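Structure first, commentary second.
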Amino acid sequence: MAAPRAVSFFRLGCGWLLLSVLAACILLIINGLVIRNVFVATAATMPELFEDRRLSQAIVFLGPVLLLVVQFWAYDVAVDWLWPTRHRTK
């Protein structure tokens, strides 16, 4: 049987939580800038419906959050694909 690998600090408890929160905050800032710039750049070509202030604010607010969910999902899929779990044999 193979010896268990040492687990890094950033994969346990508080370390993992702090790293996840820090990554989420940084990604939300970047995503907010990207969504806002795309929205402003394409505002002239969008239909009249997007001129409503409430709808534009909802897009600028929810866009980064939805993008963050997609980014965490893609990270999870990449980790599962690149480092598959080892099944123990008894």
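The numbers here are math on the coordinates, done by the rules we state, and not lab data. Given the structure is predicted, the values throughout are model-derived calculations rather than measurements.
Calculate how large, on average over all directions, the projected area of the Cα convex hull of the stretch 19-82 is; give the answer in nm² to one decimal. Provide the component values of the computation, followed by the final result.
Numbers: hull surface 21.0 nm².
Taking the Cα atoms of the stretch 19-82, their convex hull projects to 5.2 nm² on average.
Taking 0.36 nm per residue of sequence separation and subtracting the Cα-Cα distance, how much length would be gained by fully extending the chain between residue 53 and residue 29, in nm to one decimal?
Numbers: separation 24, 0.36 × 24 = 8.64 nm, distance 2.15 nm.
That pair, residue 53 and residue 29, stretches by 6.5 nm at full extension.
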